[in-house]
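Notes follow once the structure below has been shown.
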Protein chains: 4
Amino acid sequence: MARMASVHRVPMRHPGDVTGIAALLDAGTLRAASIVAILGKTEGNGCVNDFTRAYAVQALSLLLARRLGTTEEDVAARVAMVMSGGTEGGLSPHFLIFAVEDTDAPATGALALGAAFTRDFAPEEIGRMAQVEATAEAVRAAMAEAGISDMADVHYVQVKCPLLTSERIAEAEGRGATVATHDTYASMGLSRGASALGVALALDEVPRAALSDGAIGQDLSLFSGRASCSAGVELTRNEVVVMGRAASWAGDLTIAHAVMRDGIDLPAIQAALRGAGLDAGAGQLADSEAGRLVALLCKAEPSTSGRIRGNRHIMNDDSDINATRHARALVGGVAAAAVGRTDLFVSGGAEHQGPDGGGPVAIIARKAG
Amino acid sequence: MARMASVHRVPMRHPGDVTGIAALLDAGTLRAASIVAILGKTEGNGCVNDFTRAYAVQALSLLLARRLGTTEEDVAARVAMVMSGGTEGGLSPHFLIFAVEDTDAPATGALALGAAFTRDFAPEEIGRMAQVEATAEAVRAAMAEAGISDMADVHYVQVKCPLLTSERIAEAEGRGATVATHDTYASMGLSRGASALGVALALDEVPRAALSDGAIGQDLSLFSGRASCSAGVELTRNEVVVMGRAASWAGDLTIAHAVMRDGIDLPAIQAALRGAGLDAGAGQLADSEAGRLVALLCKAEPSTSGRIRGNRHIMNDDSDINATRHARALVGGVAAAAVGRTDLFVSGGAEHQGPDGGGPVAIIARKAG
Amino acid sequence: MARMASVHRVPMRHPGDVTGIAALLDAGTLRAASIVAILGKTEGNGCVNDFTRAYAVQALSLLLARRLGTTEEDVAARVAMVMSGGTEGGLSPHFLIFAVEDTDAPATGALALGAAFTRDFAPEEIGRMAQVEATAEAVRAAMAEAGISDMADVHYVQVKCPLLTSERIAEAEGRGATVATHDTYASMGLSRGASALGVALALDEVPRAALSDGAIGQDLSLFSGRASCSAGVELTRNEVVVMGRAASWAGDLTIAHAVMRDGIDLPAIQAALRGAGLDAGAGQLADSEAGRLVALLCKAEPSTSGRIRGNRHIMNDDSDINATRHARALVGGVAAAAVGRTDLFVSGGAEHQGPDGGGPVAIIARKAG
Amino acid sequence: MARMASVHRVPMRHPGDVTGIAALLDAGTLRAASIVAILGKTEGNGCVNDFTRAYAVQALSLLLARRLGTTEEDVAARVAMVMSGGTEGGLSPHFLIFAVEDTDAPATGALALGAAFTRDFAPEEIGRMAQVEATAEAVRAAMAEAGISDMADVHYVQVKCPLLTSERIAEAEGRGATVATHDTYASMGLSRGASALGVALALDEVPRAALSDGAIGQDLSLFSGRASCSAGVELTRNEVVVMGRAASWAGDLTIAHAVMRDGIDLPAIQAALRGAGLDAGAGQLADSEAGRLVALLCKAEPSTSGRIRGNRHIMNDDSDINATRHARALVGGVAAAAVGRTDLFVSGGAEHQGPDGGGPVAIIARKAG
């Protein structure tokens, strides 16, 4: 008996619109109990006061709770829901539903999924080596769960991680502990960064000896080319979903990745497309190839140098539009140029996820018939 | 004796920074008296309260007035200065300086420039057929000035056009005249649209019979594939700069254009690159080719349908970021994907300049070898 | 047996936070079945893509459905929920819960509440006299329901009204009908304006003869000093809640109102405070008086003249911050100056609700002693 | 022979509009050579990429250079020009021109002005005690220049101070020095804070012993109630203008100040009004009194607690509108409530200038007649 992963890309008309998913469930195309993860690209600002993420999670939880005859809390515990705000430029709001079913079909070395969790973190562990180590361990567990033994077969690792709040900081300091930062916004970056370095450690992308509390958020030469991390206030542990290829999985999906060296690295996206068996063509996927593209997932971040290939950008100096919004718009444009579609999962906040100003890009595709 | 056009691309550190141009003048690389036009991509919001445009014009006028020993008013009368606000995504603020010199070099059919002006418009003419007709006439005059006889040799027409202000509307209505709109912001779009249709008329892109006051701003199936129009409060006539190729011009610059059918039309940009003699490669210009790229000029506009190839975009519904800012970010990303640079002249407000949601793209390049 | 109205002001930590209301229900301070209306000031942008309103309604509906053992749809049908986005400046996000109970306490002429609905509107009726007339009728019905016979006893009328969508417009035009506007955003203003004029008609604030389809949205000299209207996509009828004073109501709450002539009309706010029995003092309510203030409800709108008492404001020309956001920030500051609190219901979109640039202000207070 | 200060409040139609000042010069109402300082409230975002400030300075410098027959550099050296960006809410863009003339009129103890400069600072001194001490010394020098001997007669101290740039930091570190921060935006706050503490030291508002490098930007209980500081990239020293009252000055202008304890402290503004001889009335200045108000100058800042008198505000969590913009809108509304005008100099960035969330307010008024 093999396992088979499916991925459904579903448009949303607004952040609370789960009618597209409901229709899949109604039609029997998707079984609620088989859903393991939902990624969502919602149309908020992707920053501090982006409530489109929580609104979408509430709507999704309600829908699945009713379909499964359980509570919203139970749904949250069994399905990893990662909402990424921000559809700047031409990006199109949508959900990606990841499901796993047992199957009698033959194993094909197809797309494999595995999830794992760390223990709950104490506030003083967030953004520090304790989080790095525990994340690495969870990545290894998720790989085992997915049946992936070779690190080279891992192509995308989605991590959801906690952040520091004023309450959590106070609790830690009440015990005499110190925290990595008092700035709660900054703690999101440190938590994402530590999580990404945990992925990098598990996948041997950086040597253990190069890592330290001081390197987190500082030494941007250390990074994972496969991590995509997102911080949320609603959890205190890290939740890890590993995506890769494994011999024991069936179906016609596959996955590949590449690393964009900067925000306009079209050739890297094309390399990932080719890695997933798509013909990148002379620049933009032909319609026939585009039909086999299931998902493009990537990270966007303004370069700290204030430059792209020597030319000044204004992202870091714009007090009207947040820098991460500019970055998503830019990378969304470059990615849409490559694939001829705009429903792409371009996410911000890429600390230690790809090089400074760049980021990982993963492609999930259907194998040619 | 032939004429030779030169184009200098000069970065700016802020909208009032003309030190790069001053350095070219100091070095003798550029002669102040030879300058015929300056396009600028400044880092404001590109909308109503974007004062980076006027700030840049003031700084440019001062610089040139001092170098030419004349007044700022005189500079404004002899040099067309078109500032386009908005460097969203990764776009890089810069000036493009267009100059013309007589030369003993042999004519090569190189880049040709010609300028012309309409008469001053009465307020009731703006956004109406009177503006269309007068603009068409000015385009023909500018072609003649440039020595271009074949419409197919015109590849880019920059128009600067007036808008309605409350004062101008009151003056017209005091005389019993009616104006095209009472909404001064809307008058910018109508003026740009009428100007673009004037270019289309002159270049035989739309038949005269299809044009009417009612079609302006309404029938988006009518457009020019070579017009780029910009409205400003400081003038009451249209200023036209035609760029194309003409037998009598010398030098190693050339120009070509294409029409993007939507905001992610990478193939159209690649077609324009090839038209200008650059090898578009497998997606992004190789460094060797990129070195010969002198300028990319294009228009960006959100589709009124709210969709790009069927997928919803949120540009028209975003009350935090103006739709034109999203559109420039998107098209800037797509164009940067093609050329591997970010100092590109991507301008918003594309009424009748390319199809709905798309726009013209022109490439100025240095000929190989 | 008299009726008694209660009003609870409950802070929210985010738009989906209904824990404050849940606590009141748990404590028995508030009975779910007695709730007739909930107003909410949420922290979105208050414009087109403000999803904090729908998120709050989803959370409120869920809470009440569970407490009442019914469905969310049923809750929406029996409780008027009006969310107003935008807490610019220092405004504080909060809910106002309006409840009605029968009581054995003696009638005191206290705060009286009454609700009524119009029939569903055809698309072609929205923003036109049909909506005006039907709203006036609903106001009269709500007054009757509240037991208010004298128009002078009405101090605040909250109206929730529909808007035009592309689908509704198409449906109407398919039948050969014409609609007031094709611009769906503009339809919100017309619907609010027609609703406000309906209130004005019912309360004899404008003569019937002055009203016409053409006056709606145009003749800003016509207005109600007591209407507060809000347009939403989720309904096709007008929902009206009248607040005033009536002999048959018990309790210690009272209400009064005044009309701000512009955005900085502190004296008008002070007049409303005095009308509700509060001592406005030398400028700001003393703490003792502030403790008796239950709710301040007002409307904010930028003047179309671009001026406040002769000085230019920049609200209408700012392409970074929507004009209505500036207006709420300003009026919120003026109102906070008067009362020394920031949890105030300042709402935008004041077409025909108060004079151009001004708006109604209502005060609900607890009687002294 | 006494000295007499004059203050002209001049509206601007856009940041480069100096025609109002030119008209005063043309009319002989104002003499260019007598101008000592110009404050401007321009309509940019008041944050990093606000170019309206530099644009206004360029326009002012040009105007005065021509009228004085000198260079713009010379004008900048002799006239303190402090542009504060941000006219959120209802604030109205305007200039305040401060001039000093000798006069035969009798001394009346009227408004007195004095300016002084510190030496140029090394980068490692910025935001540290060296800047505090030097600023205190300059305040004492400016007091002497103004003929003010009693600290209690100082009511407003405008300081323009430098910031750290990447270049300045590199220069310092090249010499082995360390700087207060590597974050150039944060350096603006530290420079303003150190400058404000310098004023506080000179005016005995904080004891010398309480001050240290570590307290700057950290211990918000230390503040001046009279400092207003603004950081700019164009200078490397502090420029100080002291405003107060001195026996030897003639004319009918006077000045007073108070300290707002939070953003809605209307009573503090009223106290300052009364201090300057205006009858604050029952809340808003009567027209007759308002006519004698020459200038209101104050500082606005969001409270770091996220609360105003216990109620949550959203300024610090809003990623669409910068927190300082919310704060100016709020305080502008409160101040306009007090005075019934909107052309008020409300400035952001109030580190150590008033208590956390509050700020100084100064009133310049014409004495009753």
Flag if C:Gly89 is closer than 30 Å to A:Cys47 by Cβ, crowded, with 20+ Cβ neighbours inside 10 Å, of a type in the set (Gly, Ala, Ser) and within 14 Å of another protein chain (Cβ to nearest Cβ):
yes
Which number in (1) out of contact with any Asp or Glu (no Cβ under 7 Å at 6 or more places or on another chain); (2) in a helix (DSSP H, G or I) marks the one condition that D:Leu296 misses?
(2)
Residues that are in contact with a strand residue (DSSP E or B) (Cβ under 7 Å, 6 or more places away or on another chain) and more than 10 Å from D:Val199 (Cβ to Cβ), drawn from region D:145-154:
D:Glu145, D:Ala146, D:Gly147, D:Ile148, D:Asp153
For C:Ala335, work out the one condition from (1) more than 30 Å from C:Ala250 (Cα to Cα); (2) within 11 Å of chain D (Cβ to nearest Cβ) it doesn't fulfil.
(1)
Contacts under 6 angstrom Cβ, first residue in region A:259-271 being more than 20 Å from A:Ser221 (Cβ to Cβ), partner modelled with pLDDT of 95 or more and assigned to a strand (DSSP E or B), 6 or more apart
A:Ile269/A:Val361; A:Ala271/A:Ala258
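Kindly indicate whether A:Arg237 is charged (D, E, K, R), surrounded by 20 or more Cβ atoms within 10 Å (Cβ to Cβ), touching a residue at least 40 places away in the same chain (Cβ under 8 Å) and not assigned by TED's automatic domain parsing to the domain that holds A:Gly349.
no
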Report every pair of residues separated by at least 6 positions or lying on different chains whose Cβ atoms are under 6 Å apart, first residue within region D:1-14 and more than 22 Å from D:Ala362 (Cα to Cα), second acidic (Asp, Glu) and part of a strand (DSSP E or B).
D:Met1/D:Asp102
Note: among D:Thr342, D:Thr324, just one is facing chain C (nearest Cβ under 7 Å), touching a residue at least 24 places away in the same chain (Cβ under 8 Å) and among the hydroxyl-bearing types (Ser, Thr, Tyr), namely D:Thr342
I'd like to check something: does region D:300-310 contain any residue that is within 29 Å of D:Leu163 (Cβ to Cβ), among the small types (Gly, Ala, Ser), at the interface with another protein chain (Cβ under 7 Å from one of its Cβ atoms) and surrounded by fewer than 21 Cβ atoms within 10 Å (Cβ to Cβ)?
no
Quick check on C:Thr19: is it polar (S, T, N, Q), under 24 Å from D:Asp320 (Cα atoms) and either under 20 Å from the mean Cα position of the chain (by Cα) or away from chain B (no Cβ under 14 Å) (or both)?
no
Run down C:Gly244, C:Gly283, C:Gly291, C:Gly277 and say which single residue is more than 21 Å from the chain's Cα centre (by Cα), outside the structural domain of C:Tyr55 (by TED's automatic domain parsing), over 30 Å from B:Asn45 (Cα atoms) and buried (at least 18 other Cβ atoms within 10 Å of the Cβ).
C:Gly283
Within region C:28-73, which residues are under 27 Å from A:Pro93 (Cα atoms), among the charged types (D, E, K, R) and either surrounded by fewer than 20 Cβ atoms within 10 Å (Cβ to Cβ) or away from every other protein chain (no Cβ under 11 Å) (or both)?
C:Glu72, C:Glu73
Only one of B:Ala362, B:Ala350 is under 19 Å from the mean Cα position of the chain (by Cα), more than 9 Å from chain A (Cβ to nearest Cβ) and under 18 Å from B:Gly275 (Cβ atoms). Can you tell me which?
B:Ala362
If I ask for residues that are of a type in the set (S, T, N, Q), surrounded by fewer than 24 Cβ atoms within 10 Å (Cβ to Cβ) and farther than 20 Å from C:Cys229 by Cα, which ones from region C:311-346 would you list?
C:Asn311, C:Asn316, C:Ser319
Condition first: among the aliphatic types (A, V, I, L, M), at pLDDT 95 or above and assigned to a loop (DSSP other than H, G, I, E, B). Now tell me which residues in region C:1-23 satisfy that.
C:Met12, C:Val18
Among residues of region D:108-127 being surrounded by fewer than 20 Cβ atoms within 10 Å (Cβ to Cβ) and under 27 Å from D:Asp219 (Cβ atoms), the residue nearest to the chain's Cα centre (by Cα) is D:Arg119
Going by the conditions given, is B:Pro267 of a type outside the set (A, V, I, L, M) and surrounded by fewer than 21 Cβ atoms within 10 Å (Cβ to Cβ)?
yes
Is it the case that region B:187-196 has a residue that's surrounded by fewer than 24 Cβ atoms within 10 Å (Cβ to Cβ) and either in contact with a helix residue (DSSP H, G or I) (Cβ under 8 Å, 6 or more places away or on another chain) or without any contact (Cβ under 8 Å) to a residue 12 or more places away in the chain (or both)?
no
Confirm whether D:Arg366 is surrounded by fewer than 24 Cβ atoms within 10 Å (Cβ to Cβ), touching a residue at least 12 places away in the same chain (Cβ under 8 Å) and out of contact with any Asp or Glu (no Cβ under 9 Å at 6 or more places or on another chain).
no
Matching residues, region C:196-237, being farther than 20 Å from C:Ser303 by Cα and of a type in the set (S, T, N, Q):
C:Ser212, C:Thr236
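Looking at region D:299-309, can you tell me whether even one residue there is part of a loop (DSSP other than H, G, I, E, B) and more than 30 Å from A:Thr184 (Cβ to Cβ)? Quick ask: steps written out before the conclusion?
Start the filter on region D:299-309 by keeping residues that are part of a loop (DSSP other than H, G, I, E, B), which leaves D:301-306, D:309.
So of that shortlist, the ones also more than 30 Å from A:Thr184 (Cβ to Cβ) come out as none.
No, every residue in region D:299-309 fails to be part of a loop (DSSP other than H, G, I, E, B) and more than 30 Å from A:Thr184 (Cβ to Cβ).
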Away from every other protein chain (no Cβ under 14 Å), closer than 20 Å to D:His8 by Cα and in contact with a Phe, Trp or Tyr (Cβ under 6 Å, 6 or more places away or on another chain), is that true of D:Ala112?
yes
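Within region B:202-215, identify whether any single residue is surrounded by fewer than 24 Cβ atoms within 10 Å (Cβ to Cβ) and within 28 Å of B:Phe51 (Cα to Cα), and answer yes or no.
no
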Where B:Ile126 falls short, out of the listed (1) closer than 27 Å to B:Arg328 by Cα; (2) within 14 Å of another protein chain (Cβ to nearest Cβ):
(2)
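The values are calculated or read from the model by the stated rules, or taken from the named source; none is laboratory data. For clarity, every value in this text was computed on a predicted model and none was experimentally measured. Note: ideal-geometry Cβ built from the backbone for every residue, glycine included; neighbour counts use all protein chains shown.
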